[in-house]
Amino acid sequence: MERQSRLFSIFVHASALLLAAVILAPVVWLFVMSISPAADLSAKPLSWWPSDIELSRYRTLLSAIENSAGAAFIAALINSLMVAGMATLAAIVVAVPAAWAVSRTPAVSWSLYAVIATYMLPPVALAVPLYMGLAYFGLLNTVFGLALVYLTILAPFTTWLLKSGFDAIPREIESAAMIDGARLDQILRLLTLPLAAPVMATSALFAFLLAWDEFFYALLFTSDLRAKTLTVAIADLAGGRVSDYGLIATAGVLAALPPVLIGLIMQRALISGLTSGGVKG
Amino acid sequence: MSALEIRNIQKRYGDVETLKGIDIALESGEFLVLLGSSGCGKSTLLNIIAGLAEPSGGDILIGERSILSAHPKDRDIAMVFQSYALYPDMSVARNIGFGLEMRKVPAAEREKAVRDTARLLQIENLLDRKPSQLSGGQRQRVAIGRALVRNPRVFLFDEPLSNLDAKLRMEMRTELKRLHQMLKTTVVYVTHDQIEAMTLATRIAVMRDGRIEQLGTPAEIYDRPATLYVAGFVGSPPMNILDAEIVGHQVRIARSDEVLPLPRDFKRTTVSSGPVKVGIRPEALRLADFGASGARLIADVEVMELTGPELVTTATIGGQRITACLPPRTALATGSTQAFSFDEAALHLFDPESGRSLRAA
């Protein structure tokens, strides 16, 4: 629209601001909680703005003294990074050939729908079989075991995303390269995968977030510092006799940082992936 | 020795027969156009030649050697796609040289070949650009360059001009004709545009429902269409087709008193009476005096459209429409009754049942 009435543009901006406020309010409150003194958080009426800025909780959680809350938190952070990282990497490695095959051979696309059927089962239905399976292989309470479980969640999801990405790349380009004498691995390496890079980045990011936020399986299949992830560690903070809401909020802020950083780094790829791949976030 | 021989090629998808036995033999240097409306099987045939699809039966020979079991890269063909199918992340130079790169041609030799091809297509100044920085016509040239550089035995074109606007399409058509005259390569070219087919081809195969309706030179297709379908498909405006009846040695136009002499070429055919379809091209009709002798039709003028070079006139005879392409300054009035004359040789007769031409062989 070239011309807009002033009222209309005020309306558009107000709507945008409202949306931003709704999305950002919990995050802002989380941050405010993390720097408020404990007294402020239990005061009645609640004080929305900290009377004093308190950073001691950040020090507590980031300290590396043995057997402290900080050590547990940092161990959980590292576990989360490892589990989510491994699961994401494995999911992409599995999903790229599968998605390409399904995209180029529509006759086998039924297999994707079959995979989706497993998605319909509630996680709790799979918990017992998975637990017994992991126990049998001695993978309970290990990051590898948890990553393996996450792979089963991430692989179908990334395959779907990547398939729509590959669908957007014309087959004729691959036909032309085939006539030009390129082998299959050359076609994928030189043409298809570079074109699919934005979608691959998008899928990887969403997969990472999914694994990072997972709580249910992590709670069931891990029991101590060797494998416990951040989501479980944060829940532990709330489970003690005295809950420090500020400490939970601080852990939340810190847990949000890695995905946000990755998102910022991959921003450009993410945006083009979201727009070009027919992927809706 | 034929450069390309297509022997009884068939293609079935389940119960659907897309190609019902195609036979064509091409001499070296021929420009064959597969012409037909969408769904006639022309692109399937091209893909089978290229090796992108497998036939259900039949054989294809290039230089007397069956290529059906060969991989597309080993068939000595190059293909230009409708969507150009350029490699988006690579420069124009690498796009053109990609086939040579994959065939491990040394870099120096490759560069020279790319440069020569670019000069031929007048795209030397674009070699460092990416496809996204090119116009439609330039992309088309790069796609052609990618095919040319490998100097294959047979070129395959899949509707290469259909994504261009009208003016550019004419330019590129002339360009393709120039290249073919210069390089004398064997070409198989798929299109649904009859003008492209007429201007470019040395031979046209008009296809319909997985069969070849007629295979012949552009002049044969235009002057002696073998079926009603071919007659209606080639030519713009299309040939007038009128319901008529043979009575003795004359043809009577249905629901009118108009009578035409039975043309010489059709006299020896077996039909001596009964219904028939009469075909006459709009451009064969001329304005005539009522008293003039020879073949003529009298019709009521309904609509006149001046296109610039000609006056397209629509008239009716016994309720049937007939179109005539007249010189632009013809004095005519809507609603008037006019006589149109034509050469007896311009008349075509078709069997109304089979649609086949009744021309004596």
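Read the figures in this text as sums done on the coordinates, not as results from a lab. Note that the structure is predicted; figures quoted are calculated from it, not measured. Every residue, glycine as well, gets a Cβ built from its backbone with ideal geometry; the counts of neighbours run over all protein chains shown.
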Please report the antiparallel percentage of the DSSP beta bridges confined to chain B, to the nearest 5.
80 percent
Out of B:GLU245, B:GLU305, B:GLU213, a Gaussian network model of chain B with alpha-carbon springs under 10 Å gives the largest mean-square fluctuation to B:GLU305
16 Å Cα-Cα reach of A:LYS163 towards aspartates and glutamates, excluding residues that sit fewer than 8 places from it in its own chain:
A:GLU174
For the protein assembly as shown, with only Lys/Arg (+1) and Asp/Glu (-1) charged at the beta-carbon, what is the dipole magnitude about the Cα centre, in debye rounded to 20?
800 debye
What are the equivalent ellipsoid semi-axes of the protein assembly as shown, built from the alpha-carbon gyration tensor (square roots of five times its eigenvalues), in whole angstrom, biggest first?
72, 31, 24
Given an 8 Å cut-off on Cα distances and at least 6 residues of separation, report the relative contact order of chain A as a percent.
27 percent
Would you mind checking which residues have amide H under 5 Å from B:GLY58's amide H? H placed 1.01 Å from N; only 5 or more apart, or other chain.
B:GLN10
Between B:LEU183 and B:VAL16, how high is the FRET efficiency from 1/(1 + (r/R0)^6) when r is the Cβ-Cβ distance and R₀ = 56 Å? Nearest 0.05.
0.90
Just tell me the longest site-free run in chain A, where the sites are chymotrypsin sites (Phe, Trp or Tyr not before Pro) in a DSSP loop having at most 15 other beta-carbon atoms within 10 Å.
A:49-136
Counting DSSP beta bridges with both partners in the protein assembly as shown, what percentage is antiparallel, nearest 5?
80 percent
Taking 41 Å as R0, compute the FRET efficiency from the Cβ-Cβ separation of A:ALA168 and A:LEU7 and round it to 0.05.
0.55
So what are the ³J(HN,Hα) numbers for the range A:134-148, from phi and the Karplus equation (6.51, -1.76, 1.60; θ = phi - 60°), rounded to whole Hz, Gly and Pro as x?
5, 4, 4, 8, x, 9, 5, 6, 10, 5, 5, x, 5, 4, 5
If you build a Gaussian network model of chain A, linking Cα atoms that sit under 10 Å apart, which residue out of A:ILE74, A:ILE187, A:ILE92 swings the most?
A:ILE187
Identify, among A:ALA177, B:THR227, B:TYR189, the residue whose Cα sits farthest towards the positive end of the charge dipole of the protein assembly as shown, taking +1 on the Cβ of Lys and Arg and -1 on the Cβ of Asp and Glu, with the dipole about the Cα centre.
A:ALA177
Chain B: relative contact order from alpha carbon pairs under 8 Å, six or more residues apart, as a whole percent, is 15 percent
Are there trypsin sites (Lys or Arg not before Pro) in the range A:178-248 that DSSP marks as loop and that have at most 16 other Cβ atoms within 10 Å, and which are they?
A:ARG183, A:ARG226, A:ARG241
Quick one: dipole size for the range B:275-361, taken about the Cα centre, charges +1 on Lys/Arg Cβ and -1 on Asp/Glu Cβ, in debye to the nearest 20.
120 debye
Lysine pair count for the range B:2-226 [Cα-Cα under 27 Å; pairs on different chains or 8 or more apart]
24
Taking square-rooted eigenvalues a ≥ b ≥ c of the alpha carbon gyration tensor, is the range A:7-155 rounded, prolate or oblate, where a/c under 1.5 means rounded and, failing that, a/b exceeding b/c means prolate?
oblate
Can you find, among A:LEU112, B:ALA346, A:THR159, the residue sitting farthest towards the positive end of the charge dipole of the protein assembly as shown, where Lys and Arg contribute +1 and Asp and Glu -1 at Cβ?
A:THR159
Sequence-separation-based contact order of the range B:1-151, relative, with Cα cut under 8 Å and 6+ spacing, percent
21 percent
Whole-Hz ³J(HN,Hα) from phi, Karplus 6.51 cos²θ - 1.76 cosθ + 1.60, for the range B:135-141, glycine and proline x:
7, x, x, 5, 4, 4, 5
Of the residues A:GLY133, A:GLY239, A:GLY85, which exhibits the maximal mean-square fluctuation in a Gaussian network model of chain A defined by a 10 Å Cα contact cut-off?
A:GLY239
Size of the dipole of the range B:2-226 about the Cα centre, Lys and Arg at +1 and Asp and Glu at -1 on the beta carbon, nothing else charged, in debye to 20?
600 debye
Within a 10 angstrom radius of each residue's Cβ in B:83-93, how many Cβ atoms of other chains show up on average? Whole number is fine.
4
Calc'd 3J(HN,Hα), the range A:4-10, phi into Karplus 6.51 cos²θ - 1.76 cosθ + 1.60 (θ = phi - 60°), Hz, glycine/Pro = x, comes to 10, 6, 4, 4, 5, 6, 5
Within straight cross-link reach of B:LYS277, meaning Cα distance under 16 Å, which lysines are found once same-chain residues fewer than 8 apart are removed?
B:LYS267
Suppose the chain between B:ARG329 and B:GLN122 were pulled fully straight at 0.36 nm per residue; how much longer would it get relative to their current alpha carbon spacing?
70.4 nm
Among the GluC sites (Glu not before Pro) within the range B:28-113, which fall in a DSSP loop and have no more than 11 other Cβ atoms within 10 Å of their own Cβ?
B:GLU64
Using r as the Cβ-Cβ distance of B:ARG356 and A:VAL260, and R0 as 60 Å, what FRET efficiency do you calculate, to the nearest 0.05?
0.20
Take the alpha carbon gyration tensor of the range B:211-361, find the square roots of its eigenvalues, order them as a ≥ b ≥ c, and report rounded if a/c is under 1.5; if not, report prolate when a/b exceeds b/c, else oblate.
oblate
Can you compute the helix-only [θ] at 222 nm over the protein assembly as shown? Use -39500 (n - 2.57) per DSSP H run of at least 4 residues, normalise by all residues, nearest 500 deg cm²/dmol.
-14500 deg cm²/dmol
